[in-house]
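What follows is a set of notes on a single structure, which appears directly below.
The values are calculated or read from the model by the stated rules, or taken from the named source; none is laboratory data. Keep in mind it's a predicted model, so treat the numbers as computed, not measured. Here the Cβ is made from the backbone with ideal geometry for all residues, glycine too, and neighbour counts use every protein chain on show.
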Amino acid sequence: MEGSIANLPIVPLESRESIEQRIARELRQLIGAGHLAEGTQLVGRDLALRFGVSQTPVRAGLSELARDGFVVFGPTGRAFVRRLTREDFEEIYYARYGLEGLAARLGAAVAGSAEVDRMAEILVSLRKAADDRDVEAYLDGRWRFYGTCYRASGRTRLVAEVERLYRRSERYNRLVLSTPERFRESLGRYEDFYVACVASDGALAERIVQESLRWAVESVAATLPSESGE
């Protein structure tokens, strides 16, 4: 049929990760974990040498990181790790407030025994990570825990956007967990969320997630520098 997509000469996309995506992923992890501090210059030539590639995929990877808010390009085209600021923190967390709240409401309402059992397993590892003050394990478990619920909704586009925002907020998440008291309070909110999922109470799950994000903003935002220098 004329105009049918079946007749278009579209080449199937490769399922494996491209070089550009691998570079962006690895740099994102280094920045998120704090191994590349804010303000660090990312020199394309040096990165190309470290990755064993040309500068072309490095530039593409840095452009992807700029779109995701991890990197900023200066007036001369040089790339730097983006500064942590109050405005950036608030904008990311309140974007999560709406989208993650929706994912929690939809997912908790339909999460079945398989999802709930999986969340219970992850909750055990979260408790241990909290006891050990293991931020790396805790943040990794945190997404696996909530993501299990969110994916139950079947809203793949929504969950992908929520995960993108979560990954973008990783450096700020570490600030939220910078004291033992915050660690304990954070874990308590996971316990409450699990109970909401067991009860299939989407409204309660949404409220718990949103209260947690609001608590994070109230705990940390004022400690960050403003982009205006105030």
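Odds and ends about this structure:
- Residue match in the range 139-160 (condition: of a type outside the set (S, T, Y), within 22 Å of V217 (Cα to Cα) and in contact (Cβ under 8 Å) with a residue 60 or more places away in the chain): no
- Residue check for R118: in the same structural domain as L47 (by TED's automatic domain parsing), without any contact (Cβ under 8 Å) to a residue 60 or more places away in the chain and either over 22 Å from S178 (Cα atoms) or among the hydrophobic types (A, V, I, L, M, F, W, C) (or both): no
- Residue match in the range 180-191 (condition: within 28 Å of L65 (Cβ to Cβ), modelled with pLDDT under 95 and surrounded by fewer than 19 Cβ atoms within 10 Å (Cβ to Cβ)): yes
- Residue within the range 34-52 that is closer than 22 Å to E161 by Cβ and in a helix (DSSP H, G or I) present: no
Results for (1) outside any helix (DSSP H, G or I); (2) crowded, with 17+ Cβ neighbours inside 10 Å, shown as yes or no for each residue.
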position	(1), (2)
A137	no, no
Y150	no, yes
G154	yes, no
Y166	no, yes
S178	yes, no
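- Qualifying residue in the range 37-58 (condition: within 29 Å of A222 (Cα to Cα), hydrophobic (A, V, I, L, M, F, W, C) and in contact (Cβ under 8 Å) with a residue 40 or more places away in the chain): yes
- Residues in the range 62-72 that are at pLDDT below 90 and not aliphatic (A, V, I, L, M) were compared, and the one that is nearest to I31 (Cα to Cα) is F70.
- In the range 152-164, the residues that are out of contact with any Leu (no Cβ under 7 Å at 6 or more places or on another chain) and under 18 Å from Y94 (Cα atoms): V159, A160, E163, R164
- Any hit, the range 182-195, residues being more than 16 Å from the chain's Cα centre (by Cα), in a helix (DSSP H, G or I) and among the aliphatic types (A, V, I, L, M): yes
- The single condition from (1) touching a residue at least 40 places away in the same chain (Cβ under 8 Å); (2) surrounded by fewer than 16 Cβ atoms within 10 Å (Cβ to Cβ) that A196 fails is (2).
- Restricted to the range 73-125, and to residues there that are outside any helix (DSSP H, G or I), more than 16 Å from Y172 (Cα to Cα) and of a type in the set (A, V, I, L, M), the residue that is modelled with the lowest pLDDT is A79.
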